[in-house]
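**Q** One structure, as structure tokens, below. Some questions next.
The values are calculated or read from the model by the stated rules, or taken from the named source; none is laboratory data. For clarity, every value in this text was computed on a predicted model and none was experimentally measured. All Cβ positions, even for glycine, are placed from backbone atoms using ideal geometry, and neighbour counts span all protein chains on display. Note: areas computed on protein heavy atoms with side chains; ligands, DNA, RNA excluded. Shrake-Rupley method; radii C 1.70, N 1.55, O 1.52, S 1.80 Å.
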Amino acid sequence: MEYTIKTLLTRKEVEKRIKELAKELEKDYQGREILVIGLLKGSVMFMTDLIKEINLPIVIDFMSVSSYSGTTSTGVINVLKDIDVDVKDKEVLIIEDIIDTGLTLSYVKKMLQKRGAKSLKICTLLDKPSRRTAEIKGDYIGFKIPDEFVVGYGLDYDQYHRNLPYIGIIVKK
Ligand code: XMP
Ligand code: MG
């Protein structure tokens, strides 16, 4: 497919918003320690930029999950790489690149809840609320975006464009 990428959110806008989110988190988690869990691979750029701005004790880990192709609507996801740390009694903050249907996060959230996290919040760079099927909402949201396929800042099209320093919409030629 031939396509171009149209800027949706500039680097400046994204960086500014991430700093705002970091300040909000720093305030809300004051005096506490956060276990930050990033969902690979999309959340990496967002997560690293975000946590550098939070002046609190933070431990990080990563989880890699994928939808079983064809059965996305069932909400069954495959854990490709689990976290190494124990979440029991920890204040967990899940970092995601985008909430679309919400199925991925509702599964991950339930899983970590069962393991006894003390608190569980979701921080997502992007939110496509119009596509939601699972009952899930982000506690910290960078930007609400329209129902378009976006890339950059960790988000990919066929694994490419994760390194773009802005968020762009894939436009078919
Ligand atoms: P659900 O539907 O479970 O899925 O909330 C969230 C995951 O779907 C991917 N996703 C996208 N990836 N551009 C992307 O690069 C998009 O516009 C997009 N929408 C959904 C993403 O991997 C996310 O973690
Ligand atoms: Mg993802």
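**Q** Restricting attention to strands (runs of 3 or more DSSP E) lying wholly within the stretch 25-125, give those where 2 or more residues are within 16 Å of ligand 1 (Cβ to nearest atom), open to solvent by 20 Å² or more (accessible area, probe 1.4 Å) and of a type in the set (A, V, I, L, M, F, W, C).
**A** 58-67, 77-81
**Q** Further question: Out of all the residues in the stretch 85-109, which are modelled with pLDDT of 95 or more and over 12 Å from the mean Cα position of the chain (by Cα)?
**A** Scanning the stretch 85-109 gives Val85, Asp86, Val87, Lys88, Asp89, Lys90, Glu91, Val92, Lys109.
**Q** Which one of these does Tyr140 not meet: (1) under 29 Å from Gln30 (Cβ atoms); (2) within 16 Å of ligand 2 (Cβ to nearest atom)?
**A** Failed condition: (2).
**Q** Hey, any hits in the stretch 73-95 for a residue that's within 16 Å of ligand 2 (Cβ to nearest atom), in contact (Cβ under 8 Å) with a residue 24 or more places away in the chain and of a type in the set (Ser, Thr, Tyr)?
**A** no
**Q** Within the stretch 129-163, which residues are open to solvent by 70 Å² or more (accessible area, probe 1.4 Å) and assigned to a strand (DSSP E or B)?
**A** Result: Lys144, Tyr160.
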